[in-house]
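K.L.:
Just passing along the structure, written as structure tokens.
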Amino acid sequence: MDYVGEHLLPGKLGQFFVVLSFAASFVATISFFKSANAKSLGDQASWKKMGRLAFWVNTLSVFIVFATIYYIVRQHYFEYNFAWEHSGKKLDPKYMLACIWEAQEGSFLLWMMWHGVLGIILMFKARQWEAPVLTVISFAQFCLTTMILGVYVFGHQIGHSPFMLVRQLFQEAPIFQRADYLSIPQMQDGQSLNALLQNYWMVIHPPILFLGFASTIVPFSFVVAGLWKKQYGAWTKTALPWTLFSGAMLITGIMMGAAWAYESLTFGGYWAWDPVENASLVPWLVLVAGLHTQVVYNATGHSLRATNLFLILEYILVLYSTFLTRSGILGDTSVHAFVGSGMDLQLILLILVFLIPAAVLYIINYNKIPHIKKEENTWSREFWMFIGSLVVFLSAIFICVATSLPVINRIFGTNWTTGEDPKFSYNRIEIFIAIILGVLTAGGQYLKYKNTPKNLLWKRIWPATAVALVISVLISLFGGIHYDQYGTGFLFAIHLALFAGIYSLVANVGYIFTGLQGKLKVAGASVAHAGFGLLLVGILVSSSKKEVLSYNTTGINLPFDPKTKENPLENITLLKDVKTDMGTYYATYLSNDSVNKTGNIIYFQVKFQDKKTGESFNLWPNLIKNTKGAENYSNNPDKRHYWDHDIFTYISYANILDKVKDTSGFVSHPVSLHDTIFYSRGIMILDTVYVNPDNGKYHFTSSDTALLAHIRVISRDSLQYTIAPLLYVKDNRIHRVADTLFAQNLAVEIGSVMTNRKLDLRVKESSDMVPFVSLKVYTFPQINLVWIGILVMVTGFWMSIIYRRKQRLRPEPALVA
Amino acid sequence: MKRLHIILLVFIAIAIGLLVSFMGNLSTYETIASARQKAGKSVTIIAKLDNSQPIEYNPVKDPNYLSFHIQDTLGNRAKVIYHFGKPYDMEKAERIVLKGKMNESGDVFEIAQKDGILIKCPSKYKDDPETAKKNLSQTQ
């Protein structure tokens, strides 16, 4: 059949470049491999030239594929499944890129684009390491391209092509019997980007996160190169800025996700130990462990084996996290609810093709990796850095096992799952990790490599220790941290961790002045550790002092399990225009009549008034109409920032969410002037009818056709109200504006003007008419410390990158063995 | 024995201790029938909404009381009480993961934690081919 109106050229072009990038990555892998193994310099150079060319072709192809998808989405070519499924005509242009990386194929492309960029930088920077390192990266490109290849081999589909047509994917759908199927309404517009994802974080978070993800391959490649070329420790200086870069980008990406979760999702915080969050945190932790042992090796010659191990594992864990989040295996444990892509086998193979060669290389070379027989001195920096790395690694293993329960169940046929309180099952263990790491990062830098004279150590560290002790005791006494929901033992651990965080902050800031004489150039590590300490304090204070403001004072109190100590009456219902007592605030729900430009977001105006200060402000929590053919809504919070806390609210329920159809309809009453209508709670009388009213609300002129009825309502308790429905004609159509009287659950509209000077008044009585909104309101004290801590920590990473890059160029100091 | 080995042994011991303690706090997936036998114990049930019974939620009266009925794959039914707001898109859920305790008489499954309900909606985050298919076959 010849279909009408399809644009097949971009798809064919795009698919051509998919195949070209696939072939080029293969050629690049082989060429770089040959170059790395070549005996003669001539062979080495000529294979390298070939490899470089192929890598450039691969990278350019990947960018062209991406651009082609962008073109298809931008042109609204809905014959392509990609455009039909992920974009729509109404989609704001700023989300046109976001809707590309919403899709599996799009996010793989993003990953490959970053691989390409990093690979090209390495061509210029990696010098003698170029060939082996780029072999690994080209091979990764090759593997990732299979994910978007979309070809069939022996009946198995390899990857999903982003250029599939809707009619190819859903061949059996009847509409494709028609040649002009594109003119059918469903094909005229796409399913659009998921409403929850239409958010500026969706524009920025995935590219940064994927840059972090992509960059983790660089330290891994250096390890593989070292093992392969049997130059075990020779790469560690060259690779250190890359390890640092990877660490900085990955945590930036992760914490952007956390900020997103905090700001515009209603998870009730920035971190929930959700499996999808954990899956990206675990590789970062292992990378950080590897970073520290790498620094130790550079300085002392210790810990090279550990460095190799950690930097291999961090990349394997990145691939494992890809499997976890994309295979759908986390479906029952994660709120992120990824749907399986049917590529499970391919994703498992992706792990294995990297794990097996790396593991074999590591094991057969293990004994040849240089190590120092003599053990580290107990009073040396390298010893405690190694312990710290082990603690970080242990924490990563724990999180990884806990997150992998669905995988463990699948393999061993067990049926374990996290208990009723998944967050606490992590927190109660991580808090001790935090205490240890806080103290280690505080003291670590005061130790010297090799050995530290004890009296010197005490002399330098006691001021910081004393200051930290005083501050943390003051905060513990007067800071109002009484989080006893999990017993006094956990509360005690929180205070200990608070001390550890403050200690880390104070000691590292102090070290910049006492240890480094204020030389900021070399202070990267101190700054990063101070940021870590601040982050720790921020996490502890904001979490333990997080408070629900919307304790329900209106509802019925239910008996609760006294053991949980939790008062779950966390939602409060506000009736429209009724000022409600809400703890330290009065809250009033004012309106819900504002919408955004495209009409898919409804804003609810809620006024808060501080009882003490009298300060009042409005918050606008909102509901976003879902796309993807669903008529439901998603909620989107609003918050007010103060320097020391945030007030945060979201809608847990509102009338418009009511799916129950209003069964009571309008009942017609033909009435003349001064006639009486009876309703269940009283009577109403038609007092006056104004023709073309011109009052405060309506401005009609004599050229219009409009009627406004004034109806007096007298309820049984003899209260009087007025209700004023309107009827007007515009553009040859009748428009009715009903008026409602919430106090009486009454709505009245003018149905029509009848011949005998009567009006058809239509009356509706319904108990569901009172507009209300159920809210949850939180306060997060000191939440800013979390964000500032992260920013300081990442700044420290970047300072180290700059410093280590320069250091790398200097001649190597002789290692002391 | 070298100090490194001692350190590693200590770490392995701690790791095992952590895992044992973590495993001790795990719950298991149960059916409604087996959850009744483990009344009072914290368990996880995967079920779907029993549409033959109404969802009881009246936020004007009490926004923190939700009650509904579930049915598992074996056809057993139970009433669930949840003391937080009503999750969005609940009616659309194809599957609900519930973490809580069956009461002693075995007729009510109580959920005491806010995170105790996980609603699985096909269309929430990711695209569902079934919806797309339905969408395409509607027209004629």
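The values are calculated or read from the model by the stated rules, or taken from the named source; none is laboratory data. These numbers were taken from a predicted model, which means no experiment stands behind them. No Cβ is skipped: glycine too gets one built from the backbone with ideal geometry, and neighbour counts run over all protein chains shown.
K.L.:
Tell me which residues, restricted to the stretch A:728-750, are closer than 17 Å to A:D675 by Cβ and touching a Leu at 6+ places or on another chain (Cβ under 7 Å).
P.N.:
A:V748, A:I750
K.L.:
Something else: Mind listing whichever residues of the stretch B:73-101 are outside any strand (DSSP E or B) and facing chain A (nearest Cβ under 7 Å)?
P.N.:
B:H83, B:F84, B:G85, B:K86, B:Y88, B:D89, B:E91, B:K92
K.L.:
Among the numbered conditions (1) at pLDDT 95 or above; (2) surrounded by fewer than 21 Cβ atoms within 10 Å (Cβ to Cβ); (3) under 18 Å from A:P781 (Cα atoms), tell me where A:G501 comes up short.
P.N.:
The single condition A:G501 does not satisfy is (2).
K.L.:
Among A:F163, A:F142, which is assigned to a loop (DSSP other than H, G, I, E, B), at pLDDT 90 or above and more than 24 Å from the chain's Cα centre (by Cα)?
P.N.:
A:F163
K.L.:
Is there a residue being of a type outside the set (K, R), more than 23 Å from A:E102 (Cβ to Cβ), under 35 Å from the mean Cα position of the chain (by Cα) and part of a helix (DSSP H, G or I) anywhere in the stretch A:171-187?
P.N.:
Within the stretch A:171-187, one or more residues are of a type outside the set (K, R), more than 23 Å from A:E102 (Cβ to Cβ), under 35 Å from the mean Cα position of the chain (by Cα) and part of a helix (DSSP H, G or I).
K.L.:
Test each condition in (1) within 28 Å of B:K61 (Cβ to Cβ); (2) away from every other protein chain (no Cβ under 14 Å); (3) more than 32 Å from the chain's Cα centre (by Cα) for A:T613 and report the one that comes out false.
P.N.:
Among (1) within 28 Å of B:K61 (Cβ to Cβ); (2) away from every other protein chain (no Cβ under 14 Å); (3) more than 32 Å from the chain's Cα centre (by Cα), the lone unmet condition for A:T613 is (1).
K.L.:
Restricting the stretch A:152-183 to residues that are within 18 Å of A:Q346 (Cβ to Cβ) and among the small types (G, A, S), which is farthest from the other protein chains (Cβ to nearest Cβ)?
P.N.:
A:G155
K.L.:
Also: So which residues in the stretch B:105-138 are out of contact with any Ser or Thr (no Cβ under 9 Å at 6 or more places or on another chain), more than 9 Å from every other protein chain (Cβ to nearest Cβ) and at pLDDT 85 or above?
P.N.:
Result: B:F109, B:I117.
K.L.:
Inside the stretch A:577-629, counting only strands (runs of 3 or more DSSP E) that do not spill past its ends, which hold 2 or more residues that are among the hydrophobic types (A, V, I, L, M, F, W, C) and touching a strand residue (DSSP E or B) at 6+ places or on another chain (Cβ under 9 Å)?
P.N.:
Ranges flagged: A:585-595, A:601-610, A:616-619, A:622-625.
K.L.:
Further, regarding this structure: Does A:Q517 satisfy the criteria of being polar (S, T, N, Q), without any contact (Cβ under 8 Å) to a residue 12 or more places away in the chain and farther than 30 Å from A:D274 by Cα?
P.N.:
The answer is yes for A:Q517.
K.L.:
Name every residue in the stretch A:181-196 that is crowded, with 21+ Cβ neighbours inside 10 Å and either in contact with a Gly (Cβ under 7 Å, 6 or more places away or on another chain) or within 24 Å of A:D638 (Cα to Cα) (or both), in order of residue number.
P.N.:
If the condition is that a residue be crowded, with 21+ Cβ neighbours inside 10 Å and either in contact with a Gly (Cβ under 7 Å, 6 or more places away or on another chain) or within 24 Å of A:D638 (Cα to Cα) (or both), then A:G190, A:Q191, A:S192, A:L193, A:N194, A:A195 are the ones that fit.
K.L.:
Something else about it: Do you know which of the residues in the stretch A:768-797 that are within 14 Å of chain B (Cβ to nearest Cβ) and hydrophobic (A, V, I, L, M, F, W, C) is surrounded by the most Cβ atoms within 10 Å (Cβ to Cβ)?
P.N.:
A:L775
K.L.:
Just to check your reading of the model, which residue among A:Y297, A:Y270, A:Y315, A:Y320 is closer than 30 Å to A:Y778 by Cβ, in contact with a helix residue (DSSP H, G or I) (Cβ under 7 Å, 6 or more places away or on another chain), crowded, with 20+ Cβ neighbours inside 10 Å and in contact (Cβ under 8 Å) with a residue 12 or more places away in the chain?
P.N.:
Selected residue: A:Y270, the only one of A:Y297, A:Y270, A:Y315, A:Y320 that is closer than 30 Å to A:Y778 by Cβ, in contact with a helix residue (DSSP H, G or I) (Cβ under 7 Å, 6 or more places away or on another chain), crowded, with 20+ Cβ neighbours inside 10 Å and in contact (Cβ under 8 Å) with a residue 12 or more places away in the chain.
K.L.:
A follow-up question, please. Look at B:V60 and say whether it is out of contact with any Pro (no Cβ under 8 Å at 6 or more places or on another chain), among the hydrophobic types (A, V, I, L, M, F, W, C) and not in a helix (DSSP H, G or I).
P.N.:
For B:V60, the condition - out of contact with any Pro (no Cβ under 8 Å at 6 or more places or on another chain), among the hydrophobic types (A, V, I, L, M, F, W, C) and not in a helix (DSSP H, G or I) - is met.
K.L.:
Just wondering, is there one or more residues in the stretch B:7-29 that are assigned to a strand (DSSP E or B) and either of a type outside the set (G, A, S) or touching a helix residue (DSSP H, G or I) at 6+ places or on another chain (Cβ under 9 Å) (or both)?
P.N.:
Yes, the stretch B:7-29 has at least one match.
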